[in-house]
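The values are calculated or read from the model by the stated rules, or taken from the named source; none is laboratory data. Bear in mind that the values here come from a model prediction, so they are computed numbers and not experimental data. Note that each Cβ is placed from the backbone with ideal geometry, even for glycine, and that neighbours are counted across all protein chains shown. Remember, those area values only see protein heavy atoms, side chains included, never the ligands or the DNA or RNA. Shrake-Rupley method; radii C 1.70, N 1.55, O 1.52, S 1.80 Å.
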Amino acid sequence: MMKLTAPLIYGLIACILLVSAPHAAHLPLWVSAECGALLLWRAYLTRSGKGLPPRWLLLGITVASVAAIALTFRSLFGREVGVTLLILLSTLKLLELRAARDATVLVYLSCFIIITNFFYAQSIPTALFMLFTLLVILATWIHLHTGMLALKPRLRIAGLLLLQAIPLSLILFVLFPRVQGPLWGLPQDAYASSGLSDTMSPGSMSKLSLNDAVAFRVTFDGTVPAREQMYWRGPVLWDFDGTTWTRGRPNTLQAPRLDAASAPVSYAVTLEPHNKRWLFALDMPGKLSITADLAPDFQLLSRNPVNARIRYQASSFLNYRANPDEPPQQLRRALALPRGLNPQALALAKSLRAKAESVPPPQPSDETTSHSTKPASGQVAGYPGGRGSNRPDGIDEILVREVLRHFNQGGFEYTLEPPLLGMNGIDEFLFQTRQGFCEHYAGSFVYLLRAAGVPARVVTGYQGGEYNALGDYYILRQADAHAWAEVWLGERGWVRYDPTAAIAPARIESGLSAAVSNPAALPFMARNPPQWLRELRFNWDALANQWNQWVLGYNPETQFAFLTRLGMEDITWQKMALNMLAGIFLLVGVFTLILLRRLVVRSHDPVQTAWLKLCRKLEKAGLPRAQHEGALDYAARVGAAQPELSTAIHDFAKDYVALRYAGEQSKEGLLAFRDAVRAFRVGKTIQPRINTDETRMRNQ
């Protein structure tokens, strides 16, 4: 192990910089600035040749930094704090770099920090950048142990080491028994929440529409529904406090009832982690391939927060009757409104109700008359509705159409940048601003219906999808987040209505960019970019999807299916462990045979044998050759140490290189080289051997 030279220190600085740079987006700004200043300070000390700072100063910086981290995070535990401390202390370690042992510690710390980058991103670019970083770390480690090699040879050796590790890595990846969840527990802050929440307030959906990240991908089996039917159901919101809609707690444990009126649509969903429990399925969900709960309002809930990418098969019904026998307590809940707010909206709802009741019903048939004499299904005290099924055009249905007509003809505008609203937000939106996003329309629509006595609720999720023909799947992004409404219409159950479609039908038919008046506020790729750019994006997403499926998504189920296709039967973790060990032993055996073969070939090389004999003579004289040292470099070093041997050793090295590498080997030249080595004595000048150039001329 060599002494700490300037190139080695620069290499260690590069290692810490490369493993820390991706964390700049997650670290506090002052931590990134401090680490950058410390790296520059260490580079300056190395370049100027000045001594390292005293230990008391480093101790003071360390204590102050740890205290500042504790104040910033209000804790010294958790993922964020742990990563911050690790990076900061590793950077400080450079300023007490005095021995090769310290350099070794820094190399190992760099390898460990590589892992922490995958806490935040596991994409292909992250993996490639970490692979490059590992190459630099290995080259620095080789420099630490050799010292004499230039940069290119170090990188070449490091690259060969990585290539040699690929077969072993593949065996471990394929055969190492998978377990559900991580191998160790992570703190709660190790999982970032993203996407839809279980609350909705003015501005929440419009902010989410600026996020171009993928929420999930969908592959259909067979018939693909029209875009207008692609409503991906998420959290269902019941309770309203005047500003925010929330899920609340259900008032019933009754299982939901779904009467299908069409054939099911089957598909597979690959859901990105979002650290919440809800799953997404096409409205209305029927079956699911994984264990999950179906809430009374048809919301799919995982047993645990979705902290890792999951894939599940699902089927849904596009035509249905949902909960036509909804319990009375749930209907009362779907009518609840906060008191003392939005008087204008209440008056509007009353007038729309009166208008709907004034519409003369059509002449009923005998069948309709018989139904009209019966009490409405699900009718409860305090609820004047429930008449939707008593005649073809029930009052509640007429009322719904009147509310939609009010939105359609009332001069409303669909915009990503709606004005802020106050305490009476519904009134301000309906009668003053008249500018809003989907959450404004869904929320005010449900409010008006409840005020008019019709049970209604808000449903959030995603709408539409972007088709990727390369992978034959649909991409749902956070920008596709949407809110709509469901109205209970007696025997018809809960019926979906989307008030956004009455304002901006292009949002449902073509997507967000076609509906907003100012698409410049959207992410660049959501503004209908050039076709070549879209194709490039689809190609990249298809590659990322395969990476997600086969690398990041290689869970126990995927492993079992893959090994089954390879011919393994009755797969258990014991069998996988035995096969893995057998593969490792086989691989080690193959590499051992290759190395032994090289040694055997090298030992039968007469030129190499003669050269090694010369090196042993010089080693006995106190001039050993380093394993990495080439013939010419060795000759130069021996000549510098023993000038009287300079000419002879240089000739030996020149002849060795010509005979072994330049293709100038001949029988006469080899014999002359071996005889000269045999006659060589340290301290005795040897006459020049028969030179290979002379031999070649004589042969000619």
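Extending 7 Å from Cα along the Cβ direction at residue 586 and again at residue 303 yields two label points whose distance is 3.7 nm. In this structure the amide hydrogen of residue 628, modeled in the peptide plane, comes within under 5 Å of no amide hydrogen from residues 5 or more places off or on another chain. Considering only 345, 319, 202, the residue lying farthest towards the positive end of the dipole of the chain is 202, judged by Cα position with unit charges set on Cβ. Farthest towards the positive end of the charge dipole of the range 1-154, among the residues 4, 17, 35, is the Cα of 4, using unit charges on the Cβ of Lys, Arg, Asp and Glu.
Highest mean packing first, where packing is the average number of other Cβ atoms within 10 Å per residue, the peptides 254-265, 91-102 line up as 91-102, 254-265. Values (i) 1.17; (ii) 1.05; (iii) 1.01 are given for comparison; Rg/Rh (Cα atoms, Kirkwood Rh), derived from the coordinates here, is the one labelled (i).
With K and R counted +1 and D and E -1, the other residues having a Cβ less than 14 Å from that of residue 67 yield a net charge of 0. 3J(HN,Hα) along the range 198-205, derived from phi through the Karplus expression 6.51 cos²θ - 1.76 cosθ + 1.60 where θ = phi - 60°, amounts to 9, 10, 9, 9, x, x, 5, 6 Hz, with x in place of Gly and Pro. Gyration tensor over the Cα atoms of the range 243-288: the corresponding equivalent ellipsoid has semi-axes (square roots of 5 times the eigenvalues, largest first) of 23, 20, 10 Å.
Can you give the helix-only mean residue ellipticity at 222 nm for the chain, where every DSSP H stretch with n ≥ 4 adds -39500 (n - 2.57) and the sum goes over all residues, rounded to the nearest 500 deg cm²/dmol? After summing the helix terms and dividing by the residues of the chain, the value is -15500 deg cm²/dmol. When a/c reaches 1.5 or more, the comparison of a/b and b/c decides; with that in mind, is the range 484-538 rounded, prolate or oblate per its Cα gyration tensor? In terms of gyration-tensor shape, prolate. FRET efficiency for the residue 68 to residue 173 pair, using the beta carbon distance and R₀ = 45 Å, is estimated at 0.65.
Compute the FRET efficiency between residue 651 and residue 605 as 1/(1 + (r/R0)^6), taking r as their Cβ-Cβ distance and R0 = 22 Å, and round to the nearest 0.05. Working from the Cβ atoms, E equals 0.65.
Report, in debye and to the nearest 20, how large the dipole of the range 607-657 comes out about its Cα centre when Lys and Arg carry +1 and Asp and Glu carry -1 on their Cβ. The calculation lands at about 200 debye.
Basic side chains Lys and Arg get +1 at the Cβ, acidic Asp and Glu get -1 at the Cβ, and with that the dipole of the chain about its Cα centre reaches some 3220 debye. Radius of gyration over Kirkwood radius for the range 616-675, both on Cα atoms: the Rg/Rh ratio is 0.99. Amide H contacts for residue 237 (H built 1.01 Å from N in the peptide plane; partners 5 or more residues away or on another chain; cut-off under 5 Å): 458, 459, 460. Taking a ≥ b ≥ c as the square roots of the eigenvalues of the alpha carbon gyration tensor, the range 505-622 is oblate, as a/c is not under 1.5 and a/b does not beat b/c. Among the GluC sites (Glu not before Pro) in the range 557-657, those placed in a DSSP loop whose Cβ has at most 12 other Cβ atoms within 10 Å are 569. Residue-wise HN-Hα couplings along the range 269-280, as the Karplus relation 6.51 cos²θ - 1.76 cosθ + 1.60 with θ = phi - 60° gives them from phi, are 10, 10, 9, 6, x, 9, 6, 9, 8, 6, 10, 10 Hz; Gly and Pro carry x.
Available extension along the chain between residue 641 and residue 164 is 167.9 nm, counting 0.36 nm per residue and deducting the alpha carbon span. Taking the centroid of alpha carbons for each part, the range 406-445 and the range 113-161 are 55 Å apart. In the context of the full set of protein chains, residues of the chain present 50 Å² of accessible surface per residue (probe radius 1.4 Å, heavy atoms only).
Per-residue Karplus couplings for the range 119-136, computed as 6.51 cos²θ - 1.76 cosθ + 1.60 with θ equal to phi - 60°, are listed in order as 5, 9, 8, 10, 7, 5, x, 4, 5, 5, 5, 5, 5, 4, 4, 5, 4, 5 Hz, Gly and Pro entered as x. Per-residue packing, averaged as other Cβ atoms within 10 Å, sorts the ranges 448-457, 104-113, 537-546 into the order 448-457, 104-113, 537-546, beginning with the highest. For residue 354 and residue 506, a Förster radius of 45 Å and the Cβ-Cβ distance give a FRET efficiency of 0.85, rounded to the nearest 0.05. Among residues other than residue 244 with Cβ under 13 Å from its Cβ, the summed charge is -3 (Lys and Arg +1, Asp and Glu -1). Here the average projected area of the convex hull drawn through the C-alpha atoms of the range 256-332 stands at 5.5 nm². Assuming charge only on the beta carbon of Lys and Arg (+1) and of Asp and Glu (-1), the dipole of the range 504-608 about its Cα centre is about 340 debye to the nearest 20. The DSSP beta bridges internal to the chain are antiparallel in roughly 95% of cases.
Scanning residues 5 or more positions from residue 467 or on other chains, those with amide H under 5 Å from its amide H are 475, with H placed 1.01 Å from N in the peptide plane.
Binning all Cα-Cα separations of the range 210-353 at 10 Å, short to long from zero, yields these whole-percent fractions: 10, 33, 32, 19, 6, 0.
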